[in-house]
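Notes to accompany the following structure.
The values are calculated or read from the model by the stated rules, or taken from the named source; none is laboratory data. Just so it is clear, the model here is predicted, and its values are computed rather than measured. Cβ coordinates were reconstructed from backbone atoms using ideal geometry, including for glycine residues, and neighbour counts include every protein chain displayed.
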Amino acid sequence: MYKIVRKRELASNIFEADVLAPRVANSAQPGQFVIVVADETGERIPLTICDYDKEEGTVNIVVQRMGCSTKKMDALEEGDYLKDFVGPLGRPSDFVHEDIEELKKKNILFVAGGVGTAPVYPQAKWLHERGVNVDIILGAQTKDLVILEDKLGSVAENLYVCTDDGSYGFKGMVTHMLEELVENRGKHYDLVISIGPMIMMKFVALMTEKLGIKTIVSLNPIMVDGTGMCGACRVTVGNETKFACVDGPEFDGHLVDFDEALRRQTQYKAEETKIDERFEEECRAQGGAN
Amino acid sequence: MSRSKFERVPIAEQDPKVRATNFDEVCLGYTEEEAIEEAKRCIQCKHHPCIGGCPVDIDIPRFIHHIAEGEFEEAAHVLAEYTALPAVCGRVCPQEDQCEVVCVRGIRGDAVAIGKLERFAADWARANNIELGQTKEKNGFKVAVIGSGPAGITCAGELAKEGYDVTIFEALHEPGGVLVYGIPEFRLPTDEVVKHEIGNLEKLGVKIETNVVVGKTITIDELLNDEGFHAIFIGSGAGLPIFMGIPGENLNGVFSANEYLTRNNLMKAFRDDYDTPIKAGDKVAVIGGGNVAMDAARTALRLGAETWIVYRRTEKELPARVEEVHHAKTEGIKFEFLTSPVEILGDEDGWVRAIRCQRMELGEPDESGRRRPIPIEGSEFEFDVDTVIMALGTSPNPLIPSTTEGLDVNEWQCVIADDEGQTSKEGVFAGGDVVTGSATVILAMGAGKKAAAGIDKYIKEKYGEKSHA
Ligand SMILES: Cc1cc2nc3c(=O)[nH]c(=O)nc-3n(C[C@H](O)[C@H](O)[C@H](O)COP(=O)(O)OP(=O)(O)OC[C@H]3O[C@@H](n4cnc5c(N)ncnc54)[C@H](O)[C@@H]3O)c2cc1C
Ligand SMILES: Cc1cc2nc3c(=O)[nH]c(=O)nc-3n(C[C@H](O)[C@H](O)[C@H](O)COP(=O)(O)OP(=O)(O)OC[C@H]3O[C@@H](n4cnc5c(N)ncnc54)[C@H](O)[C@@H]3O)c2cc1C
Ligand code: SF4
Ligand code: SF4
Ligand code: FES
């Protein structure tokens, strides 16, 4: 059992939690994820490690309410326990193994969208702490959904916020912001790291291909075990089948078959909807206990 | 009694029509009277070839003799001397190729139902709460066991009985390995049988830490250097699914048997009150012919699908257990023999709509001694299905070797270990599927047992009889 030490709302449908999991905290590196099971009947769902405190033994996760499993997690309070919490899974970001002096020479830009904003933080922080400067584009649909602005601001050289509806920051999508920076504001980047909804990463990769910038994306396909045992997470990268949980989750964005990845993400849609409806019904039956 | 001594006492099973719609156990086991009657068919022959057929050398005539005398508790004690999982092996061991194939009774008539009797004795002991474990005084040495499948369970149990302080590290959230994530309820009930046997292990003092992926959460070197373990046993199995590498394999509706079975068994997707989804499919083709293929097909059938097994050789070469093939057939699974997929075809939305298959004929025997299937030219045809399950086998996960300095593997990614389980790295032993590639429960147990002896010898030679830490 893994205790939820702290929990906080970040936006109307996003919350963060610090979970006591000393073994995970001790081995975690930027780019990795955990698999969480909320309770006895719960499913295994992957969540990115957004921060970790080796001393306290806690791991920070940021979760967007989607269906049954994320709602179940949200129903838990500080002091409650998650049934299972396993990790760190996946390969750490490539830059972790690179020479710091080489990294310092590079202009790195993170492009974050939606709940993908959270996993950018440990990466940008890791680089920042080692004296590597990074810029960050943070995108959200609307002002209320902009999360972690302060945190990201504290580790970025430049933070560019944009909203689809223009309610805050630059009006437009992250791809527009990216294009604006490179084409009109004379910015030069050697590496783009993009994390967010699959569809966003697809368009970022298309844009950077046009702009000629190497791009890393963090894929989030459906997973079960997260250790290479089931193949649910298969993605095609450079015409080869990869298991995102062990070969990734980060890949060269210009080699990923995004259309296949988007299609595979919807594989259990009908079943998930049914499970979510059952969950909502149970909650109502309990008089909306939560 | 009217039955001839040449015939085996029949065993009760759920009716095929009924069981095709539920996940309850197929075989219901012997009653006490039936067990005694069957046990009496053993002629207690002097040279008892059956023992040689059992990979863990169970004293078969001795435990059967006790059953024949109605001494069921004694029978269970005999089994406990040799095996930690009698209720499991009695159910899933390929008895027909091991202990039973050499039984003297089999020369004229049916072999003694050794497996079914083993199961009976183990079930009886469980139902009657018989305590079987005895441990020696603690010796202060710590051993880490990685993986809680049959190899890990056996190794941990043996060492705990010898007085070692044993901790099992398991990647998944439930212990049991293939016994819980792979083999379905209708062959091996998890709660009743597997959980009980794991409970026995905990009674011996074995600690189990789930949710620890060795190689990720912690490495072998950290276990040895930082956590003070004197030796390690790797029993991490062969869990990596193999795909065919044909076009269309990443279409929606193509699953590995591991995914399908894990969702259903470990995650209990067949139950309405569990959250994990499964795509049951309406028309399901399972590719392969081993136990895994049978289990996946029979699971799909129970979830309501019309199901085929597609196998490139003939019925004679099916690697699955005869009993399981028979069960599958009577439940309504259909077989397409001498058939191999060449491409999976999708509809405009990217879901499976058919498989393009090729007919095969059998040529000369290959290295495995089985006749090699050869494609028949111009025989291609389309086979309409909406779901394809790949059950082509598995190989060991490279996670541990790739994160452990000095641990050698062979060209199939199997960890190299000698007869006592010793690997290329000092203090690190291995056994079971991770060494042999996917094999059987009883072979994994045998390897776990030998490695326990190897570890005992290694530690005592190096550190003496007791730890002075
Ligand atoms: C490597 C990785 C890292 C992730 N990190 C985060 C994170 O930091 N924060 C966050 O909020 N979300 C993250 N996700 C997505 C998160 O796992 C899903 O939102 C969650 O599983 C939804 O479950 P549900 O039952 O609430 O919703 P459902 O109604 O079951 O599903 C909603 C959608 O979520 C996706 N999904 C469902 N089940 C899974 C599954 N088992 N694995 C992956 N995706 C699934 C599907 O696209 C589905 O259509 C990550 C996914 C991956 C693969
Ligand atoms: C569907 C199916 C049906 C089968 N039917 C039969 C049958 O009828 N009869 C028969 O005799 N055999 C059968 N087998 C084969 C048999 O189950 C295996 O040979 C046996 O389970 C191997 O035991 P093991 O202990 O080596 O490995 P496993 O049972 O595979 O256990 C390995 C364990 O190690 C864990 N692990 C892996 N990596 C790590 C890591 N890095 N850190 C921590 N833990 C880790 C895994 O999660 C798993 O729990 C079947 C197999 C399958 C898949
Ligand atoms: S363990 Fe298997 S081989 Fe040995 S006696 Fe039992 S059924 Fe036969
Ligand atoms: S070979 Fe058959 S008959 Fe002989 S001892 Fe073994 S089980 Fe009994
Ligand atoms: S999630 Fe199962 S193999 Fe990647």
Subset of region A:82-102, residues touching a strand residue (DSSP E or B) at 6+ places or on another chain (Cβ under 9 Å) and away from chain B (no Cβ under 14 Å), comes to A:Ser93, A:Asp94, A:Phe95
Enumerated strands (runs of 3 or more DSSP E) restricted to region A:24-132, each holding at least 3 residues that are polar (S, T, N, Q): A:58-64
Picking from A:Lys274, A:Lys210, A:Lys187, which residue would you name as being without any contact (Cβ under 8 Å) to a residue 24 or more places away in the chain and away from chain B (no Cβ under 14 Å)? A:Lys210
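Go through the residues of region A:262-281 one by one and say whether even a single one is farther than 27 Å from A:Asp84 by Cβ and either within 16 Å of ligand 4 (Cβ to nearest atom) or outside the structural domain of A:Phe85 (by TED's automatic domain parsing) (or both).
Start the filter on region A:262-281 by keeping residues that are farther than 27 Å from A:Asp84 by Cβ, which leaves A:262-263.
Among the residues that remain, those that are also either within 16 Å of ligand 4 (Cβ to nearest atom) or outside the structural domain of A:Phe85 (by TED's automatic domain parsing) (or both) are: A:262-263.
Yes - at least one qualifying residue is present in region A:262-281.
Rundown of residues vs (1) in a helix (DSSP H, G or I); (2) over 26 Å from the mean Cα position of the chain (by Cα); (3) at the interface with chain A (Cβ under 9 Å from one of its Cβ atoms); (4) over 19 Å from B:Ala156 (Cα atoms), yes/no style:
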{"site": "B:Ile208", "(1), (2), (3), (4)": "no, no, no, no"}
{"site": "B:Leu223", "(1), (2), (3), (4)": "yes, yes, no, no"}
{"site": "B:Phe229", "(1), (2), (3), (4)": "no, yes, no, no"}
{"site": "B:Glu249", "(1), (2), (3), (4)": "no, yes, yes, yes"}
When you go through B:Ala285, B:Ala293 one by one, which is the residue that is under 17 Å from the mean Cα position of the chain (by Cα), more than 9 Å from chain A (Cβ to nearest Cβ), at pLDDT 95 or above and buried (at least 20 other Cβ atoms within 10 Å of the Cβ)? B:Ala293
Give all pairs with beta carbons closer than 7 Å in which a residue from region B:442-464 that is farther than 16 Å from B:Ala160 by Cβ meets a residue that is surrounded by 24 or more Cβ atoms within 10 Å (Cβ to Cβ) and of a type in the set (D, E, K, R); count only pairs at least 6 apart in sequence or on separate chains. B:Ala444/B:Asp433
Per the list (1) within 14 Å of ligand 2 (Cβ to nearest atom); (2) touching an Asp or Glu at 6+ places or on another chain (Cβ under 8 Å); (3) among the charged types (D, E, K, R), residue check on B:Arg119 breaks on (2)
Give region B:125-155 a look and list any residue that's under 19 Å from B:Lys462 (Cα atoms), buried (at least 24 other Cβ atoms within 10 Å of the Cβ) and small (Gly, Ala, Ser), or say none. B:Ala144
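Suppose the filter is within 13 Å of another protein chain (Cβ to nearest Cβ), assigned to a helix (DSSP H, G or I) and of a type in the set (D, E, K, R); does B:Arg263 pass it? Step through it out loud before you land on a result.
On the way: within 13 Å of another protein chain (Cβ to nearest Cβ): yes; assigned to a helix (DSSP H, G or I): yes; of a type in the set (D, E, K, R): yes.
Yes: the conditions hold for B:Arg263.
Any chance you could count how many residues in region B:72-94 are within 22 Å of B:Val178 (Cβ to Cβ), in a helix (DSSP H, G or I) and within 16 Å of ligand 4 (Cβ to nearest atom)? Don't jump to the end; show me each part of the working.
Going through region B:72-94, the residues within 22 Å of B:Val178 (Cβ to Cβ) turn out to be B:79, B:82-94.
Filter once more, keeping what is in a helix (DSSP H, G or I): B:79, B:82, B:86-92.
Retained after the next criterion (residues that are within 16 Å of ligand 4 (Cβ to nearest atom)): B:79, B:82, B:86, B:89-90.
Residues that pass the stated criteria total 5.
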Name every residue in region A:229-270 that is within 10 Å of another protein chain (Cβ to nearest Cβ), of a type in the set (Gly, Ala, Ser) and buried (at least 19 other Cβ atoms within 10 Å of the Cβ), in order of residue number. A:Gly231, A:Ala232, A:Ala261
Among residues belonging to region B:156-185 that are within 16 Å of ligand 1 (Cβ to nearest atom) and assigned to a loop (DSSP other than H, G, I, E, B), point out the one that is surrounded by the fewest Cβ atoms within 10 Å (Cβ to Cβ). B:His173
Taking region B:60-113, which residues are within 16 Å of ligand 2 (Cβ to nearest atom) and touching a Cys at 6+ places or on another chain (Cβ under 7 Å)? B:Thr83, B:Gln98, B:Cys99
From B:Ile374, B:Ile355, residue being part of a strand (DSSP E or B) and surrounded by 15 or more Cβ atoms within 10 Å (Cβ to Cβ): B:Ile355
In this structure, does B:Gly446 turn out to be more than 14 Å from chain A (Cβ to nearest Cβ), surrounded by 21 or more Cβ atoms within 10 Å (Cβ to Cβ) and at pLDDT 95 or above? no
Qualifying residue in region A:106-122 (condition: more than 16 Å from ligand 5 (Cβ to nearest atom), over 30 Å from B:Phe169 (Cβ atoms) and without any contact (Cβ under 8 Å) to a residue 24 or more places away in the chain): no
What residue, among those in region A:213-240 that are in contact (Cβ under 8 Å) with a residue 40 or more places away in the chain and of a type in the set (Gly, Ala, Ser), is nearest to ligand 3 (Cβ to nearest atom)? A:Gly226
Could you say which residue among A:Leu82, A:Leu89 is more than 14 Å from the chain's Cα centre (by Cα) and among the hydrophobic types (A, V, I, L, M, F, W, C)? A:Leu82
Answer yes or no: is there a residue in region B:419-439 that is of a type in the set (D, E, K, R), farther than 19 Å from B:Leu224 by Cβ and assigned to a loop (DSSP other than H, G, I, E, B). yes
